[in-house]
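This report concerns only the one structure given below.
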Amino acid sequence: MKRVALGMFVLTMTALVQAEASFPTVEVVPRPALQIAFEIDGVEVVRYIAGDSAPKPFLYPLIGPAGKRLTTMSHPIDPNGHRHHRSVWVGHRDVNGNNFWEEKDGSRIVMTRLEAYGHEAASAWFRAAHEWRDAQGAVVLREQRTWTVTRLEAGAYYLDLNIAFSPGDEGDVTFAQTPFGFLGVRVTPPMSVKLGGGRILNSEGALDEAGVHWKKARWVDYAGPVAPRVVNGVTLFDHPKNPGSPTTWHVRDEGWMGASFTYSEARVLKEGEAMTLRYRIYVHGPDEEQDSLESHWKRFAGE
C-alpha cells in the first residue's frame with residue numbers, strides 16, 4: 001500500500017482519504033482582540049466582535065451566498081442616533097432600569113470568556129460567557145451565549161443563537177415592557193424597502209412595514225438586491241418554545257427588523273431561575289418565498 005511521508009508522520013492513502021472525509025468544512029476561528037470568525041470552506045462568512053471598543057458584542061459582517069455583505073452598521077440617514085444598530089446584535093432597552101440597547105447610560109454587555117468551540121459534520125459553534133453590567137460595573141444579568149453556523153446548499157446557511165440567562169448579583173431581573181430587545185438586524189441600504197429594492201415578508205403572508213410592523217409572526221424575512229440583478233435575504237425565526245411565541249416584530253422599511261420579546265408585557269426572572277431563548281437567522285439566496293421559508297421554520301421548530 002502506498003505510504004505518504006509528512007514530516008515525522010507516515011500515512012497510508014486509506015488514512016488520508018479518511019482524514020479528508022472527516023475534515024471540517026465549517027470552522028470557528030478565534031481571532032485577536034476577542035473576535036471570532038466562522039469560515040465555510042475557508043471563506044469567512046460571519047465574525048463575532050466582542051472587544052472593549054463596543055458597549056455590546058455584535059456580528060459583522062454577515063456575508064450572503066453571493067459573497068456580498070447583507071448587514072451594515074448604524075443607520076444611513078441617522079448614523080449617530082442609531083450608532084447602537086450594530087449589524088446583528090443582542091440587547092434590551094430596560095433591564096432593572098439599565099439600557100443595554102441604545103448605548104446611552106454606560107451599561108455594557110461584556111464577553112468574559114470563550115468557554116468552548118468545535119464542529120460537527122456540517123456545522124461549527126462556540127459558547128461564551130457574558131455579563132450585563134450597569135454603569136457602575138455591577139453584574140445585573142449573566143448570560144451564556146452560543147452561536148452555531150450550519151452550511152446548506154447553494155451558499156446558504158443557518159446562524160443559530162441560543163441565549164441562556166440567569167440573574168446577576170442584584171437578585172431578581174425585570175425586563176421592562178419595551179419593543180427593543182432582544183435580537184436586532186440591520187440590512188444594507190440597497191436591501192431595504194425604502195432606500196433600495198427590498199421586500200419584507202412574514203409567516204402570515206403580510207408584506208413590508210405596513211403589513212408586518214407590530215404584528216405577531218413565526219418569522220420575518222428581509223430580502224433585496226446585493227448587486228445588480230442579484231438578490232439575497234435574511235430571515236429571523238422565533239422558536240415556538242420561547243416565552244410568548246410567536247413574538248411581535250419591530251420592522252421598518254428603511255432596513256431594520258427585530259424580535260420584540262417584551263413588546264406586550266414585562267417579564268421577571270427570579271433569583272435562582274433561568275431562561276433560555278432560541279432564534280435562527282437563515283441567510284439565503286433569491287429563490288425563497290413563503291412556503292419555502294415556512295418549511296425552514298418547521299425544521300427549526302422541530303429541533
The distance between the Cα centres of the range 229-303 and the range 48-122, in whole Å, is 17
Tensor-based shape of the range 124-283 (alpha-carbon gyration tensor, a/c under 1.5 rounded, otherwise prolate or oblate): prolate
For the chain, what does the helix formula give at 222 nm: sum of -39500 (n - 2.57) over DSSP H segments with n ≥ 4, over the residue count, nearest 500 deg cm²/dmol? -2500 deg cm²/dmol
Gain in length, VAL43 to ILE77, computed as 0.36 nm per residue apart minus the alpha-carbon separation, to one decimal in nm? 9.1 nm
Given the pairs LYS194/LYS216; LYS215/LYS241; LYS194/LYS215; LYS68/LYS215; LYS216/LYS241, which are separated by over 25 angstrom at their Cα positions? LYS68/LYS215
Just order 175-181, 152-158 by mean Cβ neighbour count inside 10 Å, highest at the front, would you? 175-181, 152-158
Would you please classify the overall shape of the range 76-181 from the alpha carbon gyration tensor, given that a ≥ b ≥ c denote the square roots of the eigenvalues, rounded means a/c under 1.5, and beyond that prolate means a/b larger than b/c while oblate covers the rest? oblate
Listed by chain and number, the lysines with an alpha carbon less than 17 angstrom from that of LYS104, same-chain partners under 8 positions apart left out, are LYS56
Which aspartates and glutamates, if any, have their Cα less than 15 Å from the Cα of LYS270, not counting same-chain residues under 8 positions apart? GLU143, ASP169, GLU170, ASP172
Contact order relative to length of the chain, as percent, for alpha carbon pairs under 8 angstrom and 6 or more apart: 16
Which option, (i) 1.05; (ii) 1.18; (iii) 1.00, is the value of Cα Rg over 2.2 N^0.38 Å that was calculated from these coordinates? (i)
At a Förster distance of 41 Å, what's the computed FRET efficiency of ASP287 paired with ALA138, Cβ-Cβ distance as r, to 0.05? 0.25
So how do VAL251, VAL45 line up by other beta-carbon neighbours within 10 Å, fewest first? VAL45, VAL251
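Values quoted throughout were computed directly from the atomic coordinates according to the rules given, and no laboratory measurement underlies them. None of these values were measured; they are calculated from a predicted model. A quick note on method: Cβ atoms are made from the backbone with ideal geometry, for glycine too, and the neighbour counts reach across all protein chains shown.
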